[in-house]
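The values are calculated or read from the model by the stated rules, or taken from the named source; none is laboratory data. Being a predicted model, the structure only gives us computed values, none of them experimental. With ideal geometry, Cβ positions are generated from the backbone for all residues, glycine too; neighbour counts draw on all protein chains shown.
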Amino acid sequence: MDKLIIEGGRPLEGTIRTCGSKNAVLPILAASLLTGETLRITGAPRLADVSTMLDILRDLGAEADQAEDGTIEISAEGDIRGEAPWERVRRMRGSVCVMGPLLTRLGRAKVSLPGGCAFGVRPIDIHLKGLRALGAKVRIEHGYVVCEAPPGGLRGGRVFLGSANGPSVLGTANVVMAATLARGTTTIEQAACEPEIVDLCDCLVSMGAKISGQGSPMITVEGVDELHGAEHPVIPDRIEAGTYVLAGALAGGQVRVENCVPTHLGALLDRMTEARVPYTSGEDWIETEAYDLGERPPRSTDVTTHAYPGFPTDLQAQWMALMTRAEGLSIITERIFSDRWMHVPELERLGAQLRRQNTAVVVRGTRELSGAPVMASDLRASAALVMAGLVARGSTEVHRVYHIDRGYEAIEERLQGIGAAIRREPE
């Protein structure tokens, strides 16, 4: 197990290139199970979560490899097994999206209940509701979800995926993939609108699927007899891009984040404008402008997380890190995962002034943070602690960084490239 050691207070300046989207590539990898031909994915990130998904696909009987440039080739031509074991699935919540492809291709799927970041209860009821609407019989036994298609396979129908917390991204992905080989037409209402769902649908269309409406709350899928191989470039990671943009803003540095889609970060850029954080953007880049936080700190700005195109829950912790240096009080409200606050006590160890009130945290800006040992609790919390360490006085040690390796490729090397004093050491 490794830790990151950060010497804070160094100016940041330079360019970081965003990697491919983790949250897009995971369901696309699962989509390879829908065909016996080769799926080639370009621009994929080299992450622990990607390696875990490739291991799951190999366990299921597929051949899967990733090249040094990130390109992945998967062939599920042989005998594909219908069971994804606990030993793999427990590591990552995204692995549950193999359920839809296995069910529609084999007629049966047995998948362990998933793991992932520990910040509250995240049931998969929406996934099961959607698969039942396609005719599947679903039961949970011994920690596994067992799904069985009716004789003749899944059948298209109306699927409503609404929930109290908003549309489910992985639930939408599972139902869309299951519907591609179902008999008839499936209409998915209250579908997730995230760019990662659009990217999955675009990949499926290149494989021969008939899908329309992606990017809207209603997606229509006309079932086909079979899918074929394809080549698909994965979209840039909007959460990684947003993290590096906020790191530049927190440090008051001129940091240019390339290979991103600014329109995917509309809610973040709106809040940055409100907070008086200077930046410019182009077709595929965002650049923070150099400014003195001591003389003109960011304006305190409230944020409430929502499903896309609202403010992403995956940038909530990073925004909190920025608000620790803002002027006045800001309120951050979490509407997606009510318990996603494990970074709060760790930021307090660095000198942040925070108070939790039910599903919100009040942040009182301070002129200075100070380095301390902190413990990473989940993927995005890890990023927020690294950001805070970059500007804290003295040395900060971030422990359990295996969390951050799940979603940020070589983060210490990327930050070193823009002037950060950060290194990785064994615990």
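Here are some notes:
- Complete set of residues in the stretch 122-137 that are modelled with pLDDT of 95 or more, at negative phi and not in a helix (DSSP H, G or I): Leu134, Ala136, Lys137
- Elements of type strands (runs of 3 or more DSSP E) contained in the stretch 184-265, each with 1 or more residues being in contact with a strand residue (DSSP E or B) (Cβ under 8 Å, 6 or more places away or on another chain) and under 30 Å from Thr324 (Cα atoms): 254-258
- Number of positions in the stretch 266-292 that are in a strand (DSSP E or B) and buried (at least 24 other Cβ atoms within 10 Å of the Cβ): 2
- Scanning the stretch 408-427 for residues that are within 13 Å of Leu12 (Cβ to Cβ) and either assigned to a loop (DSSP other than H, G, I, E, B) or among the aromatic types (Phe, Trp, Tyr) (or both) gives Gly417, Ile418, Gly419, Ala420.
- Among the conditions (1) under 30 Å from Pro167 (Cα atoms); (2) out of contact with any Pro (no Cβ under 8 Å at 6 or more places or on another chain), the only one that Glu368 does not satisfy is (1).
- When Gly162 is tested against the conditions (1) within 24 Å of Asp69 (Cα to Cα); (2) assigned by TED's automatic domain parsing to the domain that holds Ser95, the lone failure is (1).
- Only helices (runs of 4 or more DSSP H) whose full extent lies in the stretch 330-407 are considered here, and none of them has at least 2 residues that are over 25 Å from Ile5 (Cα atoms) and among the β-branched types (Val, Ile, Thr).
- Flag for Ala48 being in contact (Cβ under 8 Å) with a residue 40 or more places away in the chain and within 22 Å of the chain's Cα centre (by Cα): yes
- The set of residues in the stretch 79-105 that are within 20 Å of the chain's Cα centre (by Cα) and either of a type in the set (A, V, I, L, M, F, W, C) or outside the structural domain of Asp55 (by TED's automatic domain parsing) (or both) comprises Val89, Met92, Val96, Cys97, Val98, Met99.
- Glu274, sole failed condition from (1) closer than 22 Å to Ile418 by Cα; (2) free of Cβ contacts under 8 Å to residues at least 40 places away in the same chain: (1)
- Pairs linking a residue in the stretch 391-407 that is more than 22 Å from Ile239 (Cβ to Cβ) to a residue that is hydrophobic (A, V, I, L, M, F, W, C) and not in a strand (DSSP E or B), with Cβ atoms under 6 Å and 6 or more positions apart or on different chains, are Ala392/Leu350; Ala392/Leu369.
- Scanning the stretch 29-83 for residues that are part of a strand (DSSP E or B) and basic (Lys, Arg) yields a count of 1.
- Hey, Ile219 buried (at least 24 other Cβ atoms within 10 Å of the Cβ), over 24 Å from Arg40 (Cα atoms) and not assigned by TED's automatic domain parsing to the domain that holds Ala410 or not: yes
- Qualifying residue in the stretch 341-361 (condition: buried (at least 17 other Cβ atoms within 10 Å of the Cβ) and either charged (D, E, K, R) or not assigned by TED's automatic domain parsing to the domain that holds Ala251 (or both)): yes
- Positions within the stretch 306-328 being of a type outside the set (Asp, Glu) and more than 25 Å from Glu258 (Cα to Cα), in sequence order: His306, Thr324, Arg325, Ala326, Gly328
- Any hit, the stretch 151-167, residues being of a type in the set (Val, Ile, Thr) and either in contact with a Gly (Cβ under 6 Å, 6 or more places away or on another chain) or in a helix (DSSP H, G or I) (or both): yes
- Of all residues in the stretch 82-109, those satisfying the criterion of being at pLDDT 95 or above and of a type outside the set (Val, Ile, Thr) are Met99, Gly100, Pro101, Leu102, Leu103, Arg105, Leu106, Gly107, Arg108, Ala109.
- Some residue of the stretch 237-251 being basic (Lys, Arg) and farther than 29 Å from Pro151 by Cα: yes
- Among residues of the stretch 255-270, those that are of a type outside the set (A, V, I, L, M) and touching a residue at least 40 places away in the same chain (Cβ under 8 Å), counted: 6
- Hits in the stretch 155-171 (condition: touching a residue at least 60 places away in the same chain (Cβ under 8 Å) and either under 26 Å from the mean Cα position of the chain (by Cα) or under 22 Å from Gly94 (Cβ atoms) (or both)): Asn165, Gly166, Pro167, Val169, Leu170
- Pair list, Cβ under 7 Å, 6 or more apart: the stretch 8-22 residue within 15 Å of Thr288 (Cβ to Cβ) and at pLDDT 95 or above, other residue of a type in the set (Lys, Arg) and assigned to a strand (DSSP E or B): Thr15/Arg256
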